[in-house]
Structures are given as C-alpha cells and as structure tokens.
Amino acid sequence: MVTVDKLEELNLEPEVPELDLSWLNLDTEWGVSAEPGRKGLTLQQINKSLYGEIPATSADSSARPRGAAPPEGATPRMTPWVLGDATETFSDSAALLYDEAVSRQWSSATDIPWDTMDELPEDIERAMVQLCTSLTEVEFIAGDVPGKWLPRIAADHYESGLFLMSQVMDEARHTDVFRKRALANGGGLLLQGGGGGLRQIIEAEDFTQMSSMLHILGEGFVQSLFRLGELIAHNEAEKRIFRLAAQDESRHVAYGVTHLKYTLDNDPDKAEEVHWTLDMFENTLVDPDQQNPGLAGALVYLLGDGDVDEGWRLFWHVRRKQVLEYLHRLDVAGLSGRLESGRLHPSLSGALDN
Amino acid sequence: MPDSDVIAAAKTRLEESGLPSDWLDIPVHWGVKAKEQATPESGGLRFEYLNVDVYGEVPEHWDNNTEIPRGAVPDTRTEQMGYSIFSKAEVWSDLCAGLYEDAIADRWNSSADIPWDTLAPVGSDLEHAVCQIATLISEYGWTKAQTTGRWLQEISYGYIEVKLFLGTVVFDSARLYEVWRKRALSNGGGLGRGGRNWKFLPLTQSYTFSEFCVASIMHDAMLISLLRHGHRLAQTEAERRIYELCEQDIERHLKYFVDHMRYLMLKEPVRREEIHRYMNKAEWYLAKDGDDTLYSALGVILGDGREGAEEAMADVAQLRREQIETYLGYLRQCHLGDREGRLNEELRKWAGMVELEEEEKIPV
C-alpha cells in the first residue's frame, strides 16, 4: 500500500496538459455583444443573432449550449431521449419568466412578518393548519414534476429548461412556507389529502399534457385561491404568504398558457389530446373520492371566519372565479370552447351558476 | 368558551352544512410555536427551527410512498407516488435545512448583481479563451441541474430537508449555466466548442443517490479549484464577481455532498468498497475524456495570449494538480482518505503523485 509519507517523499512534477489551440479557429458566430438594460443583462438581451434562433427541432441530447461548436470526436448520449420538437416544451415567454423568477426570489425565513401572528382561536388555527397541510403536500409534488422532466429538455431549448429549474426552486419555497405556517403558531400538521389528481400529474408521459394539468388547471386554481388570500388570512404574515406565493404561481401559469399557445399554433392537432387530458383531470379534481376531506371544510371555515354559511357563499365565489379564470387562460392559449361545447365538467360549469 | 366547546360547536356547524368535520378530531401535536425563534438575529424563521416534537423526528426508514408531510396523519386512500428512496442513510445530512436557508439568503441575480458595464475589450485570444471556458462551465451547469433535478421524484417526504436543499442546487446550477452564457455573449465574443463530456456520464447514469453524490464531489471539486483562481483568471470586475458568486454556490453544494457521504460512511461502512467502485468509474471517465480544451484556454489566459500559452502550461499543470488535491481533500472529509492510495493512475500523473505498483492499479 502506498502511504502518505511515501507519496510526499516521491512527489513528482505534475504532468503538463497538452496544448491544443484548435478552438481558437471555430466556425461559431463571433463579435456578439450585449449591453445591460434597465433590469441588467437579461436572457432576452443575449438572445440575439444566431444564439437567439430557436430550432424547431433538435436532435442534440448533449449539454452543448445552443450556438456552441460541436466537440471533436465521439460524444456520448447524455439522456435516453430528449423532447427535441420545440412544440413539446417551448414557450415564447420562458426566458422572460425565468428572468422574472430570478429577480423576484423571496425568503420564507425573513420576508414573512412572522411576528404579526397572534394566537388564533383554536378552531381557526386548526382550519388554517389543515389548509397548510394540504398546500405543503400539493407544492411538494409540484416540485417533483419539473425535476422529472429536466433531463428530457433539449439544451437547444434552454429557456424552458431554465424556467423549470426556477419552478423547482419556487415549489421548494412553497412546500417550506406552508409547513412553516402550520408549525409556527401553536398548531401542527393535520390530515393528508386524498390525492386530488396529483398522481395524474406526476405519471403523465407527455409534457404538454402534464403542463396543461399542472400549470393551467392545477396551479391556475391555486393561484386564483391565493389571490383571494385576503379572505382567508388572519394576520399580515398569512396575507404576505399568499401574496408572494400567488406571484410565483402567476409565472407558472403564464408558462403553461404560453407553452400551450406555442404548441397549438404550431401543432393544432394537439388540441384534442389536451381536451381529453383536461376531461380526465377535471373529473379527478371534482371526484369526491379524490378530495381531501379536510381541505374543503377548512377552506369554507376560514372563508367564513367560523360562519359556515358565509363560508359557503364565499367558497362559491372563489370557485366561480377559479373556473372563469381557467376558461380565460384556455382561450388565450387557443383552446376555447370547453364551456360552450358542454365539455367542461358539470361540477365546474355549475359553479358559474352559483 | 373552553377550546373543547369551540371545536364541538365548529363540528356541529360543519356537519349541519354537509361538510366533513373529522379533521377537527385529529389528535394534533398542539403547541408547536416555531415563530418564537424567528428573530432578526436568528435569521428569521429558518427551517431548522421547525424540527421540534414529532416534526423533527427524521426516521431511519420512511415507510410511506405518498406525498404525506412528515408529521401529518395519513389518508390510506392516497395513491403511491413512485418514490424509491426511503432510507435516511442514502440521502441525509444534518446540514441540509441550514444550507437550504443559506442558499436563499445568499441568492443573487446574474442580470443585476454582476457589474456588466465593467466588461471591456481584452484582445481576440483572451476573449476566445474566456468564451471557451464559459462554454464548458455553462455545459456543466446544465448537466448539474438536469441530473440533480431527476432525483427529486425519487426522494420521499420523510427527508424533506434534503429535497428543499436539492431544489436550491437545481436553481444555482441554472444560474451557473446562464451567467457564463451571458459572459460569452456580452463582450464581443461568442460561444466556443462544446466538451465531449464522457466525463459527465457517471452523473447521468447513476443508479443510487450516493453514486451521484461522489461523482458530484469530483466534478464540483474540479470546478471549485478553478473558480478559486478567479482573481488570476478574471479580466474584469464583472468576471471576478462571477467567479466569486459561483464559488460561493459550489462551496455550499460540496458541504452537503461531503457531509452526506460522511454520514453514509458512518452509518453503512459496509458500502465503502461499493463507493470506491463509483469513484473508479467517475475518475476513469474524467481521465479518459482527454478533452484538454479547458486547460489550453487557461494556458492562453495565463500566458496572456497564444504566444505565451506554451510557457503558461506549467502553471496550468499546477492548477490541475490542485484540482486533484482538492478532490482528495474533500474525500478525506468524508472518511474516504484511503482514496489517495487508489486514485486513477492518469489522475495521479495530473497530481504529480507516484505511480502505483502494478498490483495496486485498479482495473476498470
């Protein structure tokens, strides 16, 4: 066995790497400059000339940055398969949304005024921690899903990859902040949810189908709820949590909508597939067996501040808003007509009558 | 009204309205008030402060394959979610929760926190060299984010702290990718040549999380040694800042990977030889990759142009030696100091270490 002493005694000069200057004469685009603007040097500012051209298809499964010269010699396949067709993952807004995500990161430790949480009546505290138990659970899956898809994003479509990486971070913070709220004020974690369609999101094997469920319907509903957080919150800390989380969710929803729009603009045949996915997911969302028995009760209870009748009234107000915003997002994405054609699940279309 | 009466009244109101009220009966571990530790001096409400009572009990084996939060009451109807890691030894480090909060506190923005206006023309050879290095680091950032991200769907909620921290690694790696891309495309240059990247296969192919961790230690150690030379390599204040901020992130990642491997060696010493196998593979790919583009670009920078590059390669060799020594140093911290005597023979040459006797060479 070689000992450390022996190594020191026999220390040699390190081998000198071979000098190869062939990379000084590449056929890549040269002379590119970018000036920082009002928000600094954003992705949009460097996405110019050849480097800003998004290939409609990419067969490159390596990590080579878009626009770089290919290496000399054999290269390995880095992932079994990539989603090489831009219609599968791309969004025209991905770069902008990533830039925004980076500039709007927040800290659940220091940006929430935890000291504004006074002791709440036990029924209200229980309802709030039940809601937070469900939310930390939902956000946990929302972070797993983009992680699953990352190895399949083509480096040529890096904007979508970066956006999904920022979403992983956002969802970690949401998982964290709702767990913090549950454990911050004398309560604790309560009852796990009954699934609520989370499994359908994680098991999807088509990116656009997954995104329609996660970003447009799932996170869309959550965002509509968070934007009405003022109705649920009992102190400044809770208001802040909902406000900041809603801001993050807006980006995720925007990515889903713009991705679907890009897909349908370039591959209109995909529409029926997405409709079918939404048929299935809407059905799961309203299936009583999939519902968290605690979530609806806790939400109604909080909305009415203990007055269940008033809570129900506000619950239907929230649900109506969720459905209207969902339909609007589909319209923007180019998938209109679910309500008019009777395809929207009756439990959701019924919410519009309330 | 006493609390029990408040709850009973709440149950009645919910039931009369047709809503389930069982959740109000759950025997909750009442009285946890993490907010009391949230002071500005203590860094606010950090995740570490939540780990009290049952909520802080991290089990050696987690037996629930759903997304149930640790400490919540299970709903046995919930579908299994396909997680595969249920062993604390496979992922754990006591540092996770703190490192997660540190990552958020240390967050930076490549658009606004780099003084891009300090970039200035540096001459064609130097610009080519900086852009070549930027291209290769960017590639590693992409690979690191993708390969770290794929483990999220494997790790169960029992080890939530690990997953939160890995979320920051994914995000930091995204920034590693884009800040170097920005550097390449902002100063009159462009992207260089991509790497062959056989060396990254141990990251993409890993079957166990600990296998991924040792490969990450090797690649992160190689990168951080380079970043630590930022003061010599940077041509402008903007680059100096990029080197510093990236170093800070990679240092944090290494703290986790190293502490986790130390934990694994302590808990499951029987896996030592298995871990050495993974290191054999990672080192072999690194050595065999034979892509000297990085080192040649460093030679051009340290030689202040292609004319001085040949002479500067001796300096580059020292830097490459430091990379291997740094890697071995991190392994010593993991109680894997015996690696020094088993290091891949090609890497031994990089480090100027004596060659192994024939019978000590590791077959791959």
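Checked against the criteria, B:Val170 does not count as part of a helix (DSSP H, G or I), among the β-branched types (Val, Ile, Thr) and more than 8 Å from chain A (Cβ to nearest Cβ). Screening the candidates B:Gly149, B:Gly194, B:Gly190 for the property of being in contact with a Lys or Arg (Cβ under 6 Å, 6 or more places away or on another chain), within 7 Å of chain A (Cβ to nearest Cβ) and free of Cβ contacts under 8 Å to residues at least 60 places away in the same chain yields one hit, B:Gly194.
Confirm whether B:Gly158 is touching a helix residue (DSSP H, G or I) at 6+ places or on another chain (Cβ under 7 Å), in the same structural domain as B:His260 (by TED's automatic domain parsing) and either modelled with pLDDT of 95 or more or not polar (S, T, N, Q) (or both). Steps first, answer last, please.
Details: touching a helix residue (DSSP H, G or I) at 6+ places or on another chain (Cβ under 7 Å): no; in the same structural domain as B:His260 (by TED's automatic domain parsing): yes; either modelled with pLDDT of 95 or more or not polar (S, T, N, Q) (or both): yes.
Against the criterion (touching a helix residue (DSSP H, G or I) at 6+ places or on another chain (Cβ under 7 Å), in the same structural domain as B:His260 (by TED's automatic domain parsing) and either modelled with pLDDT of 95 or more or not polar (S, T, N, Q) (or both)), B:Gly158 does not qualify.
Answer yes or no as to whether A:Pro71 is at the interface with chain B (Cβ under 7 Å from one of its Cβ atoms) and surrounded by fewer than 23 Cβ atoms within 10 Å (Cβ to Cβ). First the steps, then the outcome.
Numbers: at the interface with chain B (Cβ under 7 Å from one of its Cβ atoms): yes; surrounded by fewer than 23 Cβ atoms within 10 Å (Cβ to Cβ): yes.
Taking the combined requirement at face value, the residue satisfies it.
Considering the conditions (1) of a type in the set (A, V, I, L, M, F, W, C); (2) more than 8 Å from chain A (Cβ to nearest Cβ); (3) within 15 Å of B:Ile242 (Cα to Cα), B:Ile155 is excluded by exactly one of them, (3).
Among the residues that make up segment A:186-195, is at least one of them touching a strand residue (DSSP E or B) at 6+ places or on another chain (Cβ under 6 Å) and within 9 Å of another protein chain (Cβ to nearest Cβ)? Yes, segment A:186-195 contains a residue that is touching a strand residue (DSSP E or B) at 6+ places or on another chain (Cβ under 6 Å) and within 9 Å of another protein chain (Cβ to nearest Cβ).
The residue that is surrounded by the most Cβ atoms within 10 Å (Cβ to Cβ), counting only those in segment A:167-186 that are without any contact (Cβ under 8 Å) to a residue 60 or more places away in the chain and aliphatic (A, V, I, L, M), is A:Ala182.
Listed conditions (1) touching a Lys or Arg at 6+ places or on another chain (Cβ under 6 Å); (2) surrounded by fewer than 17 Cβ atoms within 10 Å (Cβ to Cβ) are all met by A:Asp206, apart from (1). Evaluating B:Arg277 against the criteria (1) farther than 23 Å from B:Ala103 by Cα; (2) over 23 Å from the mean Cα position of the chain (by Cα) leaves one unmet condition, (2). B:Ser21 fulfils the conditions (1) under 29 Å from A:Gln200 (Cα atoms); (2) among the hydroxyl-bearing types (Ser, Thr, Tyr); (3) within 32 Å of the chain's Cα centre (by Cα); (4) at pLDDT below 95 except for a single criterion, (3).
State whether one or more residues within segment A:194-213 are in a helix (DSSP H, G or I), without any contact (Cβ under 8 Å) to a residue 60 or more places away in the chain, over 18 Å from B:Arg150 (Cα atoms) and more than 13 Å from the chain's Cα centre (by Cα).
To start, the set of residues in segment A:194-213 that are in a helix (DSSP H, G or I) comprises A:198-203, A:207-213.
Add one more test, that the residue is without any contact (Cβ under 8 Å) to a residue 60 or more places away in the chain, and what stays is A:199, A:203, A:211.
From what's left, over 18 Å from B:Arg150 (Cα atoms): none.
Looking through segment A:194-213, none of the residues is in a helix (DSSP H, G or I), without any contact (Cβ under 8 Å) to a residue 60 or more places away in the chain, over 18 Å from B:Arg150 (Cα atoms) and more than 13 Å from the chain's Cα centre (by Cα).
With respect to the stated conditions, B:Arg175 is within 20 Å of the chain's Cα centre (by Cα) and basic (Lys, Arg). Yes or no: segment B:50-60 includes at least one residue that is at pLDDT below 95, surrounded by 15 or more Cβ atoms within 10 Å (Cβ to Cβ) and not in a helix (DSSP H, G or I). Looking for residues that are at pLDDT below 95, surrounded by 15 or more Cβ atoms within 10 Å (Cβ to Cβ) and not in a helix (DSSP H, G or I), one finds at least one in segment B:50-60, hence yes.
The sole residue among A:Asp99, A:Asp111, A:Asp85 that is closer than 25 Å to A:His215 by Cβ and surrounded by fewer than 17 Cβ atoms within 10 Å (Cβ to Cβ) is A:Asp111. Here A:Ala254 does not fit the description of being surrounded by fewer than 18 Cβ atoms within 10 Å (Cβ to Cβ) and either modelled with pLDDT of 95 or more or part of a helix (DSSP H, G or I) (or both).
Can you give me the number of residues within segment A:127-145 that are within 7 Å of chain B (Cβ to nearest Cβ) and either of a type in the set (Val, Ile, Thr) or in contact with a helix residue (DSSP H, G or I) (Cβ under 6 Å, 6 or more places away or on another chain) (or both)? Outline the logic, then answer.
Here is the first cut: in segment A:127-145, the residues within 7 Å of chain B (Cβ to nearest Cβ) are A:130, A:133, A:136-137, A:140-141, A:143-144.
So of that shortlist, the ones also either of a type in the set (Val, Ile, Thr) or in contact with a helix residue (DSSP H, G or I) (Cβ under 6 Å, 6 or more places away or on another chain) (or both) come out as A:130, A:133, A:136, A:140-141, A:143-144.
The number of residues fulfilling the criteria is 7.
If we keep just the residues of segment A:84-118 that are in a helix (DSSP H, G or I) and facing chain B (nearest Cβ under 8 Å), which is nearest to A:Asp265 (Cα to Cα)? This residue is A:Tyr98. The set of residues from segment B:65-75 being of a type in the set (S, T, N, Q) and at the interface with another protein chain (Cβ under 9 Å from one of its Cβ atoms) comprises just one member, B:Thr66.
Quick grid of which residues meet (1) surrounded by fewer than 24 Cβ atoms within 10 Å (Cβ to Cβ); (2) of a type outside the set (Ser, Thr, Tyr):
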| site | (1), (2) |
| --- | --- |
| B:Val73 | yes, yes |
| B:Asn109 | yes, yes |
| B:Asp113 | yes, yes |
| B:Thr135 | no, no |
| B:Ala145 | no, yes |
| B:Gly149 | no, yes |
| B:Glu154 | yes, yes |
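Between A:Leu189, A:Leu164, the distinction of being buried (at least 24 other Cβ atoms within 10 Å of the Cβ), not small (Gly, Ala, Ser) and not in a helix (DSSP H, G or I) belongs to A:Leu189 only.
The set of residues in segment B:1-48 being basic (Lys, Arg) and outside any loop (DSSP other than H, G, I, E, B) consists of B:Lys11, B:Arg13, B:Lys35. The numbered conditions (1) exposed (fewer than 15 other Cβ atoms within 10 Å of the Cβ); (2) within 30 Å of A:Gln209 (Cα to Cα); (3) among the polar types (S, T, N, Q); (4) within 9 Å of chain B (Cβ to nearest Cβ) are all true for A:Thr79 except (1). From the list A:Ala246, A:Ala233, the one residue that fits, being away from chain B (no Cβ under 12 Å) and under 15 Å from the mean Cα position of the chain (by Cα), is A:Ala246.
The values are calculated or read from the model by the stated rules, or taken from the named source; none is laboratory data. Since we're looking at a predicted model, the values are computed, not measured. Note: ideal-geometry Cβ built from the backbone for every residue, glycine included; neighbour counts use all protein chains shown.
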